[in-house]
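Undergrad: Have a look at this one before I ask anything.
The values are calculated or read from the model by the stated rules, or taken from the named source; none is laboratory data. All values derive from a computational prediction rather than experimental measurement. Note that we place each Cβ from the backbone using ideal geometry, even for glycine, and neighbour counts take in every protein chain shown. Just so you know, the surface numbers come from the protein's heavy atoms only, side chains and all, with ligands and any DNA or RNA stripped out. Shrake-Rupley method; radii C 1.70, N 1.55, O 1.52, S 1.80 Å.
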Amino acid sequence: MTVLPTISFAKIAAPKKGTAVILAAKDGKLPPLASEIDPSGVLAKALEVAKFKGKAKAVVDVVAPAGAAVDRILVVGVGEGDSIKETDWASFGGIVRGKTASDQHVSVLMECDGVDVTPEAAAAFAQGFLLRAYDFNKYKTKKADDDDGKDKNVAQKTALMVDNVAASKKAWETAEAVARGMMLARDLVNEPANILGPVEFAARAEALSALGVEVDILTEKEMKKLGMGALLGVAQGSVRPPRLAVMKWNGGKPKDKPVAFIGKGVVFDTGGISIKPAGGMEDMKGDMGGAACVAGLMQALAARKAKVNAVGVVGLVENMPDGNAQRPGDIVTSMSGQTIEVINTDAEGRLVLCDALWYTQDRFKPKFMIDLATLTGAIIISLGHEHAGLFSNDDGLAADLTAAGKASGDTLWRMPVGAAYDKLIESPIADMKNVGPRWGGSITAAQFLQRYIENDTPWAHLDIAGMVWADKPGATWDKGATGFGVRLIDRYVRDNLEG
């Protein structure tokens, strides 16, 4: 894996070595310290030639500036000072990392004319910087290169020079915990399925006990006793046994009910007997993106010692088409006692989730439940790769999640549920069928899950199928897993559940 940078915070001063990064707002005016970093004034000419006006994400790079103590100066535009959001600061950090990955020493001047660079902004910048440094290259035998083709396997030391060092360090404790949780989620999604099966995923969950997370792992035998016929039906075609991982973080008051997060963990999805086309099937190693998010979230909550009682439950299976596999037309009985006619074995995620939801509700009696799943291709048809789908039986929960999505950058778009859609999954021979007609596929999937929510428990379903994987680099990620959902739910917890 790429060596991650060491990030520190220091008082604002002119750096004496390595790469200096200067931020500039839309008017392009540089902070006063820029003249000390660039005593010969070459930056002014470079900015003029580049027609640099401080536009957000614009970069001017000056190598070996005459008379300077540093080897390189980067000027990065941050745009209109009044409109810069926390997510923008993270993007700026990612851009800087992409440009400096091969540099051993990087100093970032976190002051900008006309812009209030708060400790939270500095922490967001550092978070974006760290996230962009992530590179899943553990199986490569050649060196990894940065955006400019230089070796980025260097032990980089990055200093953020800020007004308030203590407050910035405090803000960074939370931001770093979330970043590390996102990187765990990325690791899990990026791992090939021959390495990460249900048992191996469960072992990664158990490792969170080092942070104080209580972890229980249910085996196939225990799930049979509980009557989890829907989840086990998906798993029966694989030689790899299923697991249910239960992670508990007790950071709130002892008598407070927990909040619950449930993840779909299909470690590889062939579609089963309703087998998928060969093209692109390799991406189905990521069909456990919801479970990966829950694991990353639980790590983040524990690492930052969140003041909340939280439960994370992930159903872990592999969906394979062998001689013992579930068939279209089979009827299974879920833990709730409801029966399901399996019309399509490639609609397996909802079968895993329904038992995990019921188990969570029955055992923990949570305040609310949020499930996350790469559930349907239909949600990608609806929303592309810009938003995850949000379905909920509670307007307040939906509104708060939407707000957390905007604040964190993991954006959501609310979709409908209702009785008319519910009728589309009625079965003539069982309580329900696992798919409806072609249209409204993501909605009927949500309607299926809603049948497993009892006593009006507030519930939200996040269909993240279009968001957990990126085919091209972004500001804070490379190609591959994005870690979507971790910072979203962590932000929701911070804004709504912690006093």
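Undergrad: I need the full set of residues from segment 375-405 which are open to solvent by less than 40 Å² (accessible area, probe 1.4 Å), among the small types (Gly, Ala, Ser) and under 9 Å from Ala465 (Cβ atoms), in order please.
TA: Ala378, Ala388, Gly389
Undergrad: Can you go through Gly77, Gly67, Gly81 and tell me which one is on the phi > 0 side of the Ramachandran plot and more than 20 Å from the chain's Cα centre (by Cα)?
TA: Result: Gly67 is the single residue among Gly77, Gly67, Gly81 that is on the phi > 0 side of the Ramachandran plot and more than 20 Å from the chain's Cα centre (by Cα).
Undergrad: Suppose we keep only residues that are among the hydrophobic types (A, V, I, L, M, F, W, C) and farther than 18 Å from Met369 by Cα within segment 307-335. Which one would you say is surrounded by the fewest Cβ atoms within 10 Å (Cβ to Cβ)?
TA: Applying the first criterion (among the hydrophobic types (A, V, I, L, M, F, W, C)) to segment 307-335 yields 308, 310-311, 313-314, 316-317, 320, 325, 331-332, 335.
Next, from what is left, pick out any that are farther than 18 Å from Met369 by Cα: 316-317, 320, 325, 331-332.
Numbers: Leu316: 31, Val317: 33, Met320: 21, Ala325: 21, Ile331: 15, Val332: 22.
Among them, the one singled out is Ile331.
Undergrad: Here is a further query. Based on what the data block shows, is Lys285 under 30 Å from Leu211 (Cα atoms) and assigned to a loop (DSSP other than H, G, I, E, B)?
TA: On the way: under 30 Å from Leu211 (Cα atoms): yes; assigned to a loop (DSSP other than H, G, I, E, B): no.
Criteria not met by Lys285.
Undergrad: Right, another one. Within segment 331-349, can one find any residue that is within 30 Å of Lys224 (Cα to Cα) and assigned to a helix (DSSP H, G or I)? Full working, then the answer.
TA: Pass one, segment 331-349, residues within 30 Å of Lys224 (Cα to Cα): 331-349.
If we keep only those that are assigned to a helix (DSSP H, G or I) too, we end up with 349.
Yes, because at least one residue in segment 331-349 is within 30 Å of Lys224 (Cα to Cα) and assigned to a helix (DSSP H, G or I).
Undergrad: Additional query: Return the total of residues in segment 149-182 being within 16 Å of Ala124 (Cβ to Cβ) and in a helix (DSSP H, G or I).
TA: 16
Undergrad: If a residue counts only when it is not β-branched (Val, Ile, Thr), which strands (runs of 3 or more DSSP E) contained entirely in segment 1-93 have at least 3 such residues? Step through it out loud before you land on a result.
TA: On the way: elements: 6-11, 19-25, 59-63, 72-79.
Hits in segment 1-93: 6-11, 19-25, 72-79.
Undergrad: Of the residues that sit in segment 210-258 and are outside any loop (DSSP other than H, G, I, E, B) and acidic (Asp, Glu), which one is farthest from Gly337 (Cα to Cα)? Show your work before the answer.
TA: Of segment 210-258, the ones outside any loop (DSSP other than H, G, I, E, B) are 210-211, 214-218, 220-226, 229-235, 243-250.
Going one step further and asking which of them are acidic (Asp, Glu), we end up with 214, 216, 220, 222.
Values: Glu214: 29, Asp216: 24, Glu220: 18, Glu222: 17 Å.
Checked segment 210-258; the qualifying residue farthest from Gly337 (Cα to Cα) is Glu214.
Undergrad: Could I ask something else about it? Could you pull out the residue among Ala193, Ala202 that is over 22 Å from Asp346 (Cβ atoms) and in contact (Cβ under 8 Å) with a residue 40 or more places away in the chain? Outline the logic, then answer.
TA: Numbers: Ala193 fails: over 22 Å from Asp346 (Cβ atoms).
Result: Ala202 is the single residue among Ala193, Ala202 that is over 22 Å from Asp346 (Cβ atoms) and in contact (Cβ under 8 Å) with a residue 40 or more places away in the chain.
Undergrad: Additional query: So, in segment 27-83, of the ones that are touching a Phe, Trp or Tyr at 6+ places or on another chain (Cβ under 8 Å) and not hydrophobic (A, V, I, L, M, F, W, C), which residue ends up least open to solvent (accessible area, probe 1.4 Å)?
TA: Among those that are touching a Phe, Trp or Tyr at 6+ places or on another chain (Cβ under 8 Å) and not hydrophobic (A, V, I, L, M, F, W, C), it is Gly77.
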